[in-house]
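Worksheet: one structure, shown below.
The values are calculated or read from the model by the stated rules, or taken from the named source; none is laboratory data. Predicted, not measured: the structure shown is a model, and the values here were computed from it. Cβ atoms come from the backbone with ideal geometry, glycine included; neighbour counts cover every protein chain shown. These accessible areas exclude ligands, DNA and RNA; they are computed on the full protein's heavy atoms, side chains included. Shrake-Rupley method; radii C 1.70, N 1.55, O 1.52, S 1.80 Å.
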Amino acid sequence: MARLGVNIDHVATVRQARRAAEPDPVQAAVLAELGGAGAITVHLRQDRRHIQDRDLEVLRQVVRTRLNLEMAATQEMMRVALTVKPEQATLVPERREELTTEGGLDAVLNSVQLKPIVKELGSGGIEVSLFVDPDLEQVKEAHKLDAQAVEINTAAYADARDARAREAALRRIVDAARLARRLGLAVHAGHGLTYQNVGVIASQSEFAELNIGHSIVSRAVLVGMERAVREMVELMRSGPVRQG
Ligand code: PXP
């Protein structure tokens, strides 16, 4: 079964709403691991709107599973990653005005900029994953860039309005995932996954990791982080919910 990477950014979003000390994403990470998380994911954004540098430093000391740092492909973020040394860095596009990551990286268009960053992170012992749309050319480029993994963007699947669109989006995800596996890349997936839609994605054998944030943190507000994570792991294990 794929490991569940729990993205705890929005625990920090609540804290930053008051510039207060709580809720603490580090405590959330400990509870997420107790609930069965296989990785803790945080996005240190350039505007520091949720996760702060100190969070990352403390998480590095506390996380017992794997720390996955989502980051823009910039010199500043590369310096942070090489200092903190997460097990994994996931390169994502970042725009200041966006509410959340919108779309995958264009690895083909940005290959010249990405190449030295992937190389230096790799030399620092960090596994590099590229967040890309389910597009065969992007997967091939990630392989050419010597990334260890791709995270396939599941937003189009999650946002599909009807069964036909959902099926088409799933097909693209599975095709991209199969190509990535054939090229020897580890395959991750994420964005927009929820308790309702995770089963179908989790049942695809290609995936080594699913990264889920908003849905888990939303449920954690109501039932607690440990239980929210445990329920998601259970749904990943049991596969798609049968209708009727
Ligand atoms: N994967 C990546 C690369 C992301 O940027 C995000 C959002 O931070 C996620 C997964 C998690 O998405 P969601 O919050 O919709 O579960």
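Quick notes on this one:
- Failed item, numbered, when GLU141 is tested on (1) more than 15 Å from the ligand (Cβ to nearest atom); (2) buried (at least 19 other Cβ atoms within 10 Å of the Cβ); (3) closer than 26 Å to GLN27 by Cβ: (3)
- Boolean, GLU141 is touching a helix residue (DSSP H, G or I) at 6+ places or on another chain (Cβ under 8 Å) and either modelled with pLDDT under 95 or farther than 25 Å from MET71 by Cα (or both): no
- Given (1) assigned to a loop (DSSP other than H, G, I, E, B); (2) without any contact (Cβ under 8 Å) to a residue 60 or more places away in the chain, index of the condition THR101 fails: (2)
- Per the listing GLY199, GLY213, GLY192, the residue uniquely open to solvent by less than 70 Å² (accessible area, probe 1.4 Å), modelled with pLDDT of 95 or more, under 25 Å from VAL30 (Cα atoms) and in contact with a Leu (Cβ under 8 Å, 6 or more places away or on another chain) is GLY199.
- Matching residues, the stretch 232-241, being in a helix (DSSP H, G or I) and open to solvent by 20 Å² or more (accessible area, probe 1.4 Å): GLU234, LEU235, ARG237, SER238
- Residue within the stretch 156-171 that is of a type outside the set (A, V, I, L, M, F, W, C), over 21 Å from ASP106 (Cα atoms) and crowded, with 19+ Cβ neighbours inside 10 Å present: no
- The stretch 73-84, residues that are within 14 Å of the ligand (Cβ to nearest atom), open to solvent by 10 Å² or more (accessible area, probe 1.4 Å) and free of Cβ contacts under 8 Å to residues at least 40 places away in the same chain: none
- Positions within the stretch 24-72 being more than 15 Å from the chain's Cα centre (by Cα), surrounded by fewer than 19 Cβ atoms within 10 Å (Cβ to Cβ), assigned to a loop (DSSP other than H, G, I, E, B) and not basic (Lys, Arg), in sequence order: ASP24, GLN46, ASP47, GLN52
- Every condition in (1) in contact (Cβ under 8 Å) with a residue 40 or more places away in the chain; (2) open to solvent by 20 Å² or more (accessible area, probe 1.4 Å); (3) within 22 Å of THR101 (Cβ to Cβ) is met by GLY125 except one, and the failing one is (3).
- Any hit, the stretch 151-160, residues being more than 12 Å from the ligand (Cβ to nearest atom) and not basic (Lys, Arg): yes
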